[in-house]
1. Which residue is farthest from B:LEU166 (Cα to Cα), if the candidates are limited to the range B:57-74 and must be more than 8 Å from chain A (Cβ to nearest Cβ) and in contact (Cβ under 8 Å) with a residue 40 or more places away in the chain?
2. Would you confirm whether any residue within the range B:112-127 is over 15 Å from the mean Cα position of the chain (by Cα) and either more than 7 Å from chain A (Cβ to nearest Cβ) or within 24 Å of A:ILE218 (Cβ to Cβ) (or both)?
3. Of the residues B:PHE185, B:PHE228, only one is more than 22 Å from B:ALA75 (Cβ to Cβ) and not polar (S, T, N, Q); which?
4. Please go through the range A:96-130 and give me each residue that is among the hydrophobic types (A, V, I, L, M, F, W, C) and closer than 30 Å to B:THR205 by Cα, ordered by number.
5. Which residue is surrounded by the fewest Cβ atoms within 10 Å (Cβ to Cβ), if the candidates are limited to the range A:214-229 and must be among the polar types (S, T, N, Q) and more than 8 Å from chain B (Cβ to nearest Cβ)?
6. Return the residues of the range A:230-285 that are in a loop (DSSP other than H, G, I, E, B), at pLDDT below 75 and more than 8 Å from chain B (Cβ to nearest Cβ); say none if nothing qualifies.
7. Please find, within the range A:41-51, the residue that is farthest from the chain's Cα centre (by Cα) out of those that are closer than 16 Å to A:LEU256 by Cβ and part of a loop (DSSP other than H, G, I, E, B).
Amino acid sequence: MKKANDLSILGKWAKNIPLSFILIIYSIIVIFPLVWIFSSSLKSSIEIFANVWALPKGIKWQNYVNAWIEASIGKYFINSVFVTATSVFFILLLSAMVAYVLTRFRFLGNSFVFYYFLGGLMIPTFLGIVPLFLLLKDLRLLDNFTGLILVYTAYSLPFSIFILTPFFKSLPHELAEAAIIDGCSDFSVFWRIMLPLAKPGLITVGIFNFLGIWNEYILALVIISSGELRTLPLGIANLYMVQHYQADWGTLFAGLTIVMIPTLIVYIIFAKKLTSGITLGALKG
Amino acid sequence: MRKVYIGLDNFKKLFHDGIFWISLEHNLYIVVLSLFLLLTVSLFFAIVLTKVVKKSGFYKTVYFFPNILSEVIIAVLWAFIYSPSFGIFNGFLELIGLSNLTRAWLGDRHAALTAVTIPGVWRFIGFYMIFFIAGIQNIPQPLYDAGKIDGTSEWQSFWFITMPLLWEQIKVATVYIIIIAFNTFTIVFLMTRGGPNRHTEVITTYLYEHAFQYSSFGYATAIGVVLFIVMFIASWFTIRVMKKEIIEY
């Protein structure tokens, strides 16, 4: 007993000071680089080189104007909004329909369809990337948004169906039966009753897909080649390569800030939803 | 494009391709280092934030944040952190009086591979921490209370209650980390392009080079197939080794 007491006193002492210290240090390791990006986005290149730690002298909003207009970040931003919004819309629509049908109707091949989709979760991007490239080339879908949106939608369906199926399973069956007795068609049962009830699941799937597609780089890199079709991650990566020669770092830092803002907003609003969905989201390997 | 059936020629060529083996070795290094850092650090934070610090919301929110950033941002950010001309990493070393350690981290052939592994770890620590926290919160408190009555120390309750009951999550996390580390691409591609002199080349960047620079699609696909097989074996092996009787509670 005595030993345990000693340890717990020692533990209490050890807990309070060094542990908080470690936690705060790690918070700084996470936050500081982001603050650094933001503060550098307001500096001139000379200032960035002169002193890493100094605060910007006089705020240089010009960097943002340069990034948005001259470095075409504005155009890439609009491209990204279009591609992400369209893909997420189709993902939600299709995965909800699949999940609903799979949980509500018994038919031959039901579980085959479910496991077929689930199998899609196991395929790593790099195994499929060359055949996908060649397929899109044959279909003349390379280097356009239709191809990119189709690929994003198809890639995200397995995960989305996997998350949504339990949601639809938990919805009360009796509601659908009552609605059908009242003369509702199968489609309007889905559209007007089940879909609104599955909203929490749809939000989770929507957020994960928004973040995944907004940030996606590898597939976009392979599919998109023209400059004017670049999404934000492609645009930033390109800007980064170009800046090696032009060394207008302030503009690049402004660009990085512009990419982070939407994700930051989504994170602030949905942090709880994201971290609680992690046990589900973790499955997207 | 003409397609000719060549049997297993690509695989034979791959087997004798020195760069492929070096890339695989680099992937294994990234796997081992990521596993070590991610499992220890995120498990440590998970335990501290469930058992010691009661007001943990702030830390959870902050630590998870890098996980929602684009890998492109993370790559560019860390390239700047390591930058020899204005990077904060060298700046920090100078600040604490270790200026003899400063170097061009991504250009140094001994340091570069570790340097490209760290951003991925930074990105995922919060993710696995949250994953472990969910597991720890599922362990019934009475088990710890019963242990306390029997006089277990904190270490004992960690080793004999938390670890066995969290084993399933640790196993799943290990498999995820292995799979993700084998798929490392964006960070290496943007930070070093596999350089200096192939010292950070990984399988995915090598595959990309063959597919989209030399247009040797067959060879690239063979690399992809081998990557898949290696990943599959590594995951299967991990699951077998870490298999344990499921503890009912």
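The values are calculated or read from the model by the stated rules, or taken from the named source; none is laboratory data. Note that the structure is predicted; figures quoted are calculated from it, not measured. In this analysis, Cβ positions are derived from the backbone assuming ideal geometry, glycine residues included, and neighbour counts consider all displayed protein chains.
1. B:ILE74
2. Yes, the range B:112-127 contains a residue that is over 15 Å from the mean Cα position of the chain (by Cα) and either more than 7 Å from chain A (Cβ to nearest Cβ) or within 24 Å of A:ILE218 (Cβ to Cβ) (or both).
3. B:PHE228
4. Passing the criteria: A:PHE117, A:LEU118, A:LEU121, A:MET122, A:ILE123, A:PHE126, A:LEU127, A:ILE129, A:VAL130.
5. A:SER226
6. Hits for the range A:230-285 are A:ALA247, A:GLY277, A:LEU283, A:LYS284.
7. Step by step, filter the range A:41-51, then rank; the result is A:LYS43.
Each row is one residue, and each column tells you yes or no for (1) within 13 Å of chain A (Cβ to nearest Cβ); (2) exposed (fewer than 15 other Cβ atoms within 10 Å of the Cβ); (3) within 19 Å of the chain's Cα centre (by Cα).
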residue	(1), (2), (3)
B:PHE160	no, yes, no
B:LEU165	no, no, no
B:VAL172	yes, no, yes
B:ILE179	yes, no, yes
B:ASN197	no, yes, no
